[in-house]
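Chemist: First, the structure itself, so that you have it in front of you.
The values are calculated or read from the model by the stated rules, or taken from the named source; none is laboratory data. Note that the coordinates shown come from a computational prediction; the quantities given were computed from them, not determined experimentally. Here the Cβ positions follow ideal geometry from the backbone for every residue, glycine too, while neighbour counts run over all protein chains shown. Ligands, DNA and RNA are stripped out before the accessible areas are found, and what is left, the full protein with its side chains, is counted by its heavy atoms. Shrake-Rupley method; radii C 1.70, N 1.55, O 1.52, S 1.80 Å.
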Amino acid sequence: GLSHLLFSSAPNGVAGFGSWDNASKALTLYALRTFDYSVDQVIAFQIRNPPQGQPPATVQIAASVLRPEYPKSMIMPDTMAADASNPPMLVTAANFTLSTFTQSSTAPCDCNTITVSLSFNVRLNQACSPRVTISGIIQTDSSDDAVLMVNAQVPAILSPTGQWQQSTGTYALALTGSLEAGAVLSFSFTVKNLAAAQASAVSVQTSGIAVPAARLFGPNSSLASYRVDDAQLVTYTIDQSSPWPCDDNVISVSLATNVGLLRACSPSVTLRGLLGFANVTNFSNTLSMDGSTVTGNSVIAPFRLSAGELVVNLFNFTDDSAPRQNFRFNFTLANPSAARSALSLSIAGSIASVRTRSPKSLTQSTWFALSSSGVVDAGFASTRWVNGSNLDLAPARSSADLQVGYVRPISLSVSVRQDLPVLTAGAAWSYSNVTDPCSPLVLTVQVSSSVPLLLGARCCP
């Protein structure tokens, strides 16, 4: 049986106690009785393992004052034999056996739910105050004072909110309970993505029970990164509906981005080079958006006539539930009265982060050249060729007619001829030669124009 009641922490002290010196890691026991020779004494006592791993300890034993009458008698320190299957003070170093990272969205300005799953080779004992820290979620739009709630956790052994630091991209959570070895701890929290592209390595570490920082893995077992897509314009064309002088010219713009854009990002584009149109002054132009989700939507866009710039806030065509990649809108300008070549047009675009409003260019911080789609008839309808008529007066259409700003050359051909008048039945006179003196005649004047002469146009010929 156990012999611990035969010892105390001081001479003639209370039975069942020992004196522990934490500095030297030594236990001193004072015997309360005389022990017989060759009789085993079994003593058990409880200590707490350190939070870090360590190899087995070399335990020694010594004895002093073997008999009262010989106070200097002693047994020199001797190494105790250890149980090879369970050596004393061996502490297994904690390591991750599972560490995965997923995110719900890589879209700029989106709410991004991050999910982390962890498991360990040892029990995370709550007595060690373990704490999990995720690092590498840098460049978010969630400020330091944002309260990042733990959305879900299994098992429920985490504090409901963590300590978030936007500048360092770290999120620390304390465990309020113990996690058994091999058990999976899953939790999620939500950050706001910036408008700018991002790709940063993410890692995890623990304190209390120390586990060195280690990279997190994605669902396909590759090293995980916190990512935000680099939004760019990838398609940008512009066409016109009419090359006629003085006509109301419907300008159609088609845009596409490589990733979906949310309203929260306030996407905007500026068209430059729309010069020389016959609009009297600056005006607000109603944009019509055609598309499967926002057919008929319109918005007022400012047009700066002298600069030839139209600013289009694309957020009017987006929402925050479904990112949008394709935009097609149109607006109307008045062609000048004189012929001219197509204009050199360009486009720039940007999005902005929700909180910081820092802009991010959609056009690599420059202006992209805008050109026609080159699809003949793409923007033409019979009612645009001649106002109020279904006559097609331009059978020889070409891709040049699509190019914005192009106005066809204007030329008139005039011919005059004379003819005998048509005699009616019962006429009292008759003439046979139109060139005879005093002979009545009919003058026919024929005017042919290379372009329609539009009735009621703002710059009538």
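Chemist: Report, to two decimal places, the Cα Rg of region 226-265 normalised by 2.2 N^0.38 Å (N = number of residues).
Modeler: 1.80
Chemist: Give me the distance in nm between label points sitting 7 Å out from Cα along the Cα-to-Cβ direction at T92 and V311, one decimal.
Modeler: 6.4
Chemist: Tally up the carbon and sulfur contribution to the accessible surface of region 33-102 as a whole percent, 1.4 Å probe, everything protein left in place.
Modeler: 55
Chemist: Further question on the same structure: Protein chains only, probe 1.4 Å: how do R33, R131 rank by accessible area, largest first?
Modeler: Ranking R33, R131 by accessible area, largest first, yields R33, R131.
Chemist: Sorted by average packing, counted as other Cβ atoms within 10 angstrom per residue and highest first, what order do 245-252, 358-365, 217-224 take?
Modeler: Most protected by this proxy first, the peptides run 245-252, 358-365, 217-224.
Chemist: Now a separate question. With the calculation restricted to Cα positions, what are the radius of gyration and Dmax of the chain in angstrom?
Modeler: Final numbers for Rg and Dmax: 44.2, 176 Å.
Chemist: What are the ³J(HN,Hα) couplings of region 134-140, residue after residue, when phi is run through the Karplus curve with 6.51, -1.76, 1.60 and θ = phi - 60°? Round to Hz, x for glycine and proline.
Modeler: Rounded to whole hertz, the list is 9, 10, x, 8, 8, 6, 9.
Chemist: Would you calculate a helix-derived [θ] at 222 nm for the chain, using -39,500 (n - 2.57) for each DSSP H run of n ≥ 4 and dividing by the full residue count, to the nearest 500?
Modeler: Taken over the chain, the calculation gives 0 deg cm²/dmol.
Chemist: Would you mind working out the accessible area per residue for the chain, using a 1.4 Å probe, and quoting it in Å²?
Modeler: Spelled out: the 1.4 Å probe surface of the chain, per residue, equals 54 Å².
Chemist: Sticking with this structure for a sec: Using modelled backbone amide H atoms (1.01 Å from N, in-plane), which distant-in-sequence or interchain residues come within less than 5 Å of N249's amide H?
Modeler: Placed amide hydrogens put L333, A334, N335 under 5 Å from N249.
Chemist: Expressed as cubic angstrom per residue, what is the convex hull volume of the alpha carbon set of region 168-291?
Modeler: 203
Chemist: A further question follows. So, R0 is 25 Å and r is the distance between the beta-carbons of N121 and V147; what FRET efficiency does that work out to, to 0.05?
Modeler: So, using R0 = 25 Å, E works out to roughly 0.15.
Chemist: Can you give me the long-range amide H partners of L370? Hydrogens built in the peptide plane at 1.01 Å from N, cutoff under 5 Å, separation of 5 or more residues or another chain.
Modeler: Residues meeting the amide H criterion: L345, S346, I347.
Chemist: How high is the relative contact order of region 77-204, in percent, with contacts defined as C-alpha pairs under 8 Å that are six or more residues apart?
Modeler: Once normalised by length, the contact order is 32 percent.
Chemist: So, with a 1.4 angstrom probe, what is the percent of accessible area on region 149-253 that is carbon and sulfur?
Modeler: The nonpolar share, carbon plus sulfur, comes to 55 percent.
Chemist: On a 1.4 Å probe surface of the protein chains, which of E309, E69 comes out largest in accessible area, and what is the full order?
Modeler: If we order E309, E69 from most to least accessible, we get E69, E309.
Chemist: Just how far, in whole angstrom, is region 28-75 from region 179-235 if you go by their alpha carbon centroids?
Modeler: Rounded to whole Å, the Cα centres lie 51 Å apart.
Chemist: Using the Kirkwood radius built from alpha carbon pairs, what does the Stokes-Einstein equation give as D for region 1-133 at 10 °C and 1.306 mPa s, in µm² per second?
Modeler: It diffuses with D of about 81 µm²/s by this estimate.
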